[in-house]
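Working notes for the structure below.
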Ligand code: AMP
C-alpha cells in the first residue's frame, strides 16, 4: 500500500509554513484504512497491552478500531473541558502557546499497560503529555502508535523511550 499517495497534504494549514498531513483521506479509502488498522494490530502482536488510550480527535478513530479488534478497553484523552467526570490533566507546549488534555481519572487503572494512539507525531509533546498522566497514576506505557512520524522534529528526544511506531515518516516539510 502506497500510503504517501493516499495522504492528503495541505500547505500552510493551520498557519503559514506548516504542511498539514490530513489522514482523513485514509478514512475515505477503505483499502488504505484496512491496511492501516491491520498494520497497527500487527505491530503489537507480541506486546502485552491492557488497554488503549486514544487522543482527540483523529486518534479516536484508530484507537477504536484497535480496541474493537483486540477486545481491549478504550480510554479517551480529550481536550480540556469536554469530559464530565473527575479528570487528571496535563498541559503541554505547542509551537505557539499551550494546550491541556484530560482523562477520566477512574479509567486510568494503575498497574496496567496502556498503548497510546494518535494520527501523527510531530514534536511528541502531545504524546508525552498522555504518557505523563499514565505514569502519574502508577500505570505504564506499553507503546506509542501513530500513522505518520515527522522525526526531523526530534520527537525521539521526548518519547523515544516508549518505542514509538509509525507506518510512514516524512523527513522535511
Ligand atoms: P506534537 O504534539 O507536536 O507531536 O503534535 C501532534 C499533534 O498535532 C497530533 O495530534 C497531530 O494531529 C497534530 N499535528 C501536528 N503537526 C501536524 C501536521 N503537520 N499535520 C497534521 N497534524 C499535525
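Can you put 26, 109 in order of Cβ neighbours within 10 angstrom, beginning with the fewest?
Values: 26 27, 109 14.
Ascending number of Cβ neighbours within 10 Å: 109, 26.
If the chain between residue 109 and residue 12 were fully stretched, how many nm would it gain, using 0.36 nm times the residue separation less the Cα-Cα distance?
30.9 nm
Order of 171, 104, 156 from fewest to most other C-beta atoms within 10 Å?
The order, fewest Cβ neighbours first, is 171, 156, 104.
Starting from the 7 Å offset along Cα-to-Cβ, what nm value, one decimal, do you get for the label separation of residue 64 and residue 24?
So the label points at residue 64 and residue 24 sit 1.5 nm apart.
Would you mind ranking 108, 127 so that the residue whose beta carbon has the fewest other beta carbons within 10 Å leads the list?
Working: 108 22, 127 28.
Starting with the residue having the fewest Cβ neighbours, the order is 108, 127.
Could you state the number of Å between the C-alpha centres of the range 62-133 and the range 36-60?
Computed from Cα coordinates, the inter-centre distance equals 13 Å.
Taking a cut-off of 26 Å, what percent of all Cα-Cα pairs in the chain are separated by more than that?
Value for the chain: 25 percent of Cα pairs lie more than 26 Å apart.
Output the antiparallel fraction of DSSP beta bridges having both residues in the chain, as a percent to the nearest 5.
40
Go ahead and run the numbers for FRET between residue 100 and residue 41, Cβ-Cβ distance against an R0 of 30 Å, rounding to 0.05. Walk me through the numbers before you get to the answer.
Values: r = 30 Å, r/R0 = 1.01.
Between residue 100 and residue 41 the formula returns 0.50.
A short reminder: the numbers here are calculations on the coordinates, not readings from a lab. Source: prediction; values computed, not measured. Using ideal geometry, Cβ is built from the backbone for each residue, glycine included, and neighbour counts are taken over all protein chains shown.
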